[in-house]
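Shown next, in C-alpha cells, is the structure this report addresses.
The values are calculated or read from the model by the stated rules, or taken from the named source; none is laboratory data. Note that the structure is predicted; figures quoted are calculated from it, not measured. No Cβ is skipped: glycine too gets one built from the backbone with ideal geometry, and neighbour counts run over all protein chains shown. All accessible areas refer to the heavy atoms of the entire protein, side chains included, with ligands and DNA or RNA removed. Shrake-Rupley method; radii C 1.70, N 1.55, O 1.52, S 1.80 Å.
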Amino acid sequence: MEELSKRYMPGDIEDRWYQHWMQAGYFHSVPDEREPFTIVIPPPNVTGQLHMGHILNNTIQDTLIRRARQEGKNACWVPGMDHASIATEAKVVALLREQGIKKSDLTREEFLAHAWAWKEKYGGIIFNQLQKLGASCDWERTAFTMDDIRSEAVIGIFVDLYKKGRLYRGKRMVNWDPAAQTVLSNEEVLYEEEKALLYKVKYKVVGTEEWITIATTRPETILGDTAIAVHPDDKRYTALQGKKVIVPLINREIPIIADAYVDIEFGTGALKVTPAHDINDYEIGKRHNLEVIDVLNPDGTMSPAAQLYVGLDREKARKKMFEALEEAGHMVGTEELVHNVGRSERTRVVVEPRLSLQWFVDTKALADPALKAVMEDEIAFYPENLKNTYRHWMANIRDWCISRQLWWGHQIPAWYLNDSNSDGLNTDADEPVFVGKNAEEALLEAKRITGRDDLTLANLRQDEDVLDTWFSSWLWPISVFDGWNDTKELDYYYPTSVLVTGWDIIFLWVARMIMAGYEWKGEKPFQSVYFTGMVRDKQRRKMSKQLGNSPDALGLIEQFGADGVRYGIMASAPAGGDILFDEKQCELGRNFCNKVWNALRLVKSWETDGSLSQDEGRAIAIRWIKSRMAEVDNELRSDYRQFRLSEGITTLYSFVWNDFCSIFLEVIKPTFGEASDQESYDATVEVFEDICKLLHPFMPFITEEIWHQLKERPQGDDCMMSLLPDVLGEADKVVDDLFAHVLEVKTSVLELRNQHQLSPKENMDIVFPSDASLITLWNTPGAKFVLKKLANAECEVGEGTGVSFLAGKFQYYAALTVTVDKDSEIKRMEEEIAYYEGFLKSVDKKLGNEKFVANAHPDVVEKEKQKYADGLSKIEQLRKSIEQLN
C-alpha cells in the first residue's frame, strides 16, 4: 500500500493534476449536441497581476464551469485580455523614460512597436497565475481585445453606428485626465469626499466703490472668468445687473449677468463663471454667449491664456494666486470644507472639466431594450437589489465619449482632408469627416461627399485618437466567438449562461454589453449576472498597494494551497456583499484539506475481510450518511441555482467535517486490530467518491487526488469529468430522526463526562423512560451500537434514578457513582425552565399572530406548533426531576 503523507502537500499535486487536465483536453469545448454552458471571463488588463479580486471572481467562475461539466453540459469558459489603453500606455511610456526615450520623440508606429513588444513580454502573466489557481479556461480560445478578430469587430461597429446616426463628433465639456492627457468617460471618474479650502474673493464693480464677493475652491481659474452671475430675483444685486466687474490681478472687465441657475441661498449668492473649466459654467456661458478662456494646458499647467504663472502646475498656481490675491487686497477670507472631488480611475489625479472636440455614442438610442431586459427579469441579477442601481443609471444615461488621446488602442476609423486643416489636429467640428473600415473605404466616401474624383489616399489623414477600451469590451460576449463572421459558433454559445463581475463596473461594462447585445444580435448577451462584492480587509478598507493591505495572491497559494485559498475566499463571499478578507479563512481551508486528507488516510488504513458480514450498526450508519448526502445535495443544487456559492461551500464543510468525519467514520471504522467487512468498506468509498464530486468545483485539486487514491481507475476516469446523477439518493426521515436523537444523547453524555471528569474509556449506563416512541427508537437495529461507538454508553428502559439530563423532550438518567450538588443541580434546572418558558412565549406570540399563520407555509406553522409542544414537554420533565431531587 502506498504510504500517504501525514499532511496534505498541495504543491506537486496541484501542478501534476493541472497538467493532466490540460493534456486530456478537458477544458476545450466545440459545439455539439449537448446543452452549452458558457462564461466569458471579464478580461483582465494586459498589465494585470493576480490580486484578491481576481481570485474571488475567477474562483466563482471556475466553480460554476466545473459544476456544469459534472452536469453533462458542454462547458466553455473563454479567457481573454483587455488592451487597457491608459494603463498600458502609461507603463510603456515609463519604460521608455527609463531608457532615456520620450514618447514625443517617436512616431506613432515606433511607439506602437515598443508597446506590442511590451505586451508580448509582460502581457498574459496573469494567465499563468490563474492556472495556479486551477482556472479551467479553454485556453485555446484565448482572445485579446486588439487581436485581428476583435479589432475587425470594433472597427465594424464604429462604422455601423456612424451610418445609423448613433455616433457623432462634437465639441463638448468632457472629463480630462491631465496625467494621461486623455478624455475619460463619466464612469471612469471616481468621486470621493476630500478636504479643501474655500477662498472668498472680492471683485471691484466698475465705476463704483462697490465690491462683489464670490467663493471658489479653484482661485487659479479666476484668470479664465468671463462673467459674474447672480439670480434674477436676488434683490441684493438688482442694481448691479448689467454692470461690470474687474477680474482681480489681470484687470479684465467682465459683465454681471442674471441667470436662474444661481442658488440665492448658497454663499454670497454671486457665482464666478468660468466656461472653460466647469460644466455648469459652460452651460451658463452658452446661454449668455460668453467668451471661453481656457487657462490650463492639457498637462494641467497654466496656459498662455491665463496671462499669469504660465507653465506652472495648477496646484502650485493655486497657492501663488492666493498669495497674490491676499497681497492685492482681494482676499476676504478662507474656510475649510469637505466636498466631492472627481479623480481619474487610472491615474488618481484630479480630473479637469475641459471643452474638447470628441466622438460620442448616442446611448439614449440604445438604452430602452437593455433597461427593459433587466427590469422584466429577462436577464437575472444576483443580488436582485442591483436592478435599482441599474435602472437609475439607464434612465438618466448620458452620451458616451469614446475617443481617447492615446496611441495604444484601436485608432478611430475616421479620415479628414489634409488641406482642410493644415495643422493636422482634429479641432474643427465642421470639417467634413469620412468614416470607413479602412482608408480605401474612407476614400470612396470622401469622393462621394465632396464630389472630387481626383482625391487619393495621400489627400486623407486619419483621426489621431483611439477608441475607449470599453468600446471593445462591450462587444466581448459576441466578439470572442467571432460573432460577425462565424455565426455557427455564436448561435451555439450565445447568449452566454452567466457573467461574473464586480458591481463597480455595472455601468462601465455590464450595461454596455447588454446594449450591444440587443443592438447587434437582438438578444441578451447572458442569462444571469452574478455581482461580486469588493474585497476589503478586516477594517473594511478597500485593498490597495498604497495601503499595503493587499496580500500577495501567489504567496497565499504557496502558503495555503490553491484549494485552501479558494475555500477562504468563497466562504467569505456572499453575492453582492463586500468581502472582509482574512487570511485565517485560507488557514481554515488548508485545515479542511488536511481533515479530508486524514479521512482518506484512515479509510486506506483499513484491512478488509470478505468473510465478515455487515453488522446492524454500520448498516444504519450507511443509511444515515446517504440520507444526509441526499439532503446536502438537494441544498447544494438550490444554492447553485441562486448563486449562493458561499452558503454552498460552508454547507459542504459542515457536512464533511461533522457528519462524515466526526460521526460516520467513527461509527463505521473497524475496532483497532480488526478488519472491516467488504460491504461497509465499499459503501464508505462510494460515499467518499460522492463527496469528492460535490466538493470538486470548489476544491478541484485535493478532490482529484483523493478520487484516484481511493481505488485504481481506468484512464479517463477522473473526478473532474465524473457526471452527477439528477439526484444523489433520497432523504430517509426515519433514520434522520433516529440519528438526531442519538446524537443529542451522545452530546449530553460527553457533557456529563466533562462535568464529572470521567474517562471516555469508562462505559456509562443510562436509562430512559418507558415511552413508546423511545422504546421503538432504541429497539431499532443498530441504534444502540451507534451510541456505544460515539459515546461509549449503553442505554435501557428503566426507572428514573441517577444524574438526569435532557435529550430532546425526554429525561434520561445516567447511573454515575458521583456526588451530586443538589442545590446547584436544582438551580441549573430552574434556569433551564426559565429559558424554555421565555421560548414558549415567543412561539406563542408568533402562533397568535393571525397574519403569520395566514401567510406562512403550512409546514412552517406546523413546525412552530411542534416547537411549542416540545417546550412544554421539556418543562414538564425538568419539573419532575426537581421533584425527585427534593
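Miscellaneous remarks
- Meets criteria (touching a helix residue (DSSP H, G or I) at 6+ places or on another chain (Cβ under 8 Å) and closer than 23 Å to residue 30 by Cα) for residue 508: no
- Taken over segment 767-785, the residue count meeting the criterion of being touching a helix residue (DSSP H, G or I) at 6+ places or on another chain (Cβ under 7 Å) and either charged (D, E, K, R) or over 23 Å from residue 668 (Cα atoms) (or both) is 2.
- Subset of segment 607-636 that is touching a Leu at 6+ places or on another chain (Cβ under 9 Å) and open to solvent by 30 Å² or more (accessible area, probe 1.4 Å) - its residue that is farthest from residue 700 (Cα to Cα): 626
- Residue in segment 117-138 that is open to solvent by 20 Å² or more (accessible area, probe 1.4 Å), of a type in the set (A, V, I, L, M, F, W, C) and part of a loop (DSSP other than H, G, I, E, B) present: no
- Hits in segment 276-287 - residues which are without any contact (Cβ under 8 Å) to a residue 12 or more places away in the chain and surrounded by fewer than 16 Cβ atoms within 10 Å (Cβ to Cβ): 286
- Condition broken by residue 109, with the remaining ones in (1) at pLDDT 95 or above; (2) open to solvent by less than 20 Å² (accessible area, probe 1.4 Å) satisfied: (2)
- So residue 855, is it over 30 Å from residue 762 (Cβ atoms), free of Cβ contacts under 8 Å to residues at least 24 places away in the same chain and either basic (Lys, Arg) or open to solvent by 90 Å² or more (accessible area, probe 1.4 Å) (or both): yes
- Segment 592-621 residues that are over 12 Å from residue 709 (Cα atoms) and part of a loop (DSSP other than H, G, I, E, B), paired with ones that are of a type in the set (A, V, I, L, M, F, W, C) and open to solvent by 10 Å² or more (accessible area, probe 1.4 Å) (beta carbon under 6 Å, 6 or more apart): 607/675
- Pair list, Cβ under 8 Å, 6 or more apart: segment 471-486 residue among the hydrophobic types (A, V, I, L, M, F, W, C), other residue open to solvent by 10 Å² or more (accessible area, probe 1.4 Å) and at pLDDT below 85: 478/484
- Each residue in segment 288-307 was checked for being open to solvent by 60 Å² or more (accessible area, probe 1.4 Å) and either assigned to a loop (DSSP other than H, G, I, E, B) or modelled with pLDDT under 95 (or both), and 5 pass.
- Residue check for residue 764: touching a strand residue (DSSP E or B) at 6+ places or on another chain (Cβ under 7 Å) and crowded, with 17+ Cβ neighbours inside 10 Å: yes
- Filtered residues of segment 321-336 (kept if open to solvent by 60 Å² or more (accessible area, probe 1.4 Å), of a type outside the set (A, V, I, L, M, F, W, C) and in contact (Cβ under 8 Å) with a residue 12 or more places away in the chain): 334, 335, 336
- Put simply, of 116, 139 the only residue that is within 30 Å of residue 520 (Cβ to Cβ) and in contact (Cβ under 8 Å) with a residue 24 or more places away in the chain is 139.
- Strands (runs of 3 or more DSSP E) wholly inside segment 175-217 containing at least 2 residues that are of a type in the set (D, E, K, R): 189-205
- Which listed residue is touching a residue at least 24 places away in the same chain (Cβ under 8 Å) and in contact with a Gly (Cβ under 6 Å, 6 or more places away or on another chain), from 499, 490: 490
- The set of residues in segment 545-588 being of a type outside the set (Asp, Glu), open to solvent by 40 Å² or more (accessible area, probe 1.4 Å) and modelled with pLDDT of 85 or more consists of 554, 559, 580, 584, 585, 588.
- Given (1) assigned to a loop (DSSP other than H, G, I, E, B); (2) open to solvent by 40 Å² or more (accessible area, probe 1.4 Å); (3) of a type outside the set (Lys, Arg), index of the condition residue 482 fails: (2)
- Whether a residue is farther than 23 Å from residue 623 by Cβ, among the small types (Gly, Ala, Ser), in contact with a Lys or Arg (Cβ under 8 Å, 6 or more places away or on another chain) and free of Cβ contacts under 8 Å to residues at least 60 places away in the same chain was assessed, and residue 759 passes this test.
- For segment 15-46, the set of residues classified as of a type in the set (A, V, I, L, M), open to solvent by 40 Å² or more (accessible area, probe 1.4 Å) and closer than 12 Å to residue 141 by Cβ consists of 30 only.
- Of all residues in segment 382-403, none satisfies being over 29 Å from residue 461 (Cβ atoms), of a type in the set (Val, Ile, Thr) and in contact with a strand residue (DSSP E or B) (Cβ under 7 Å, 6 or more places away or on another chain).
- No other residue among 727, 734, 685 is closer than 30 Å to residue 643 by Cα, of a type in the set (Val, Ile, Thr) and open to solvent by 50 Å² or more (accessible area, probe 1.4 Å) apart from 727.
- Counted residues, segment 708-721 - those being buried (at least 17 other Cβ atoms within 10 Å of the Cβ) and closer than 19 Å to residue 63 by Cα: 3
- Residue 239, sole failed condition from (1) over 22 Å from residue 183 (Cα atoms); (2) in contact (Cβ under 8 Å) with a residue 24 or more places away in the chain; (3) not acidic (Asp, Glu): (2)
- Single residue of 262, 273, 247, 230 found to be over 48 Å from the mean Cα position of the chain (by Cα), open to solvent by less than 50 Å² (accessible area, probe 1.4 Å) and not small (Gly, Ala, Ser): 247
- Looking only at segment 668-682, and only at residues there that are touching a residue at least 12 places away in the same chain (Cβ under 8 Å), part of a helix (DSSP H, G or I) and open to solvent by 10 Å² or more (accessible area, probe 1.4 Å), the one that is farthest from residue 630 (Cα to Cα): 678
- Qualifying residue in segment 715-738 (condition: within 30 Å of residue 55 (Cα to Cα), modelled with pLDDT of 95 or more and charged (D, E, K, R)): yes
- Test result for residue 537, farther than 23 Å from residue 649 by Cα, among the charged types (D, E, K, R), surrounded by fewer than 23 Cβ atoms within 10 Å (Cβ to Cβ) and over 14 Å from the mean Cα position of the chain (by Cα): no
- Qualifying residue in segment 159-168 (condition: over 25 Å from residue 38 (Cα atoms), outside any helix (DSSP H, G or I), open to solvent by 30 Å² or more (accessible area, probe 1.4 Å) and not basic (Lys, Arg)): yes
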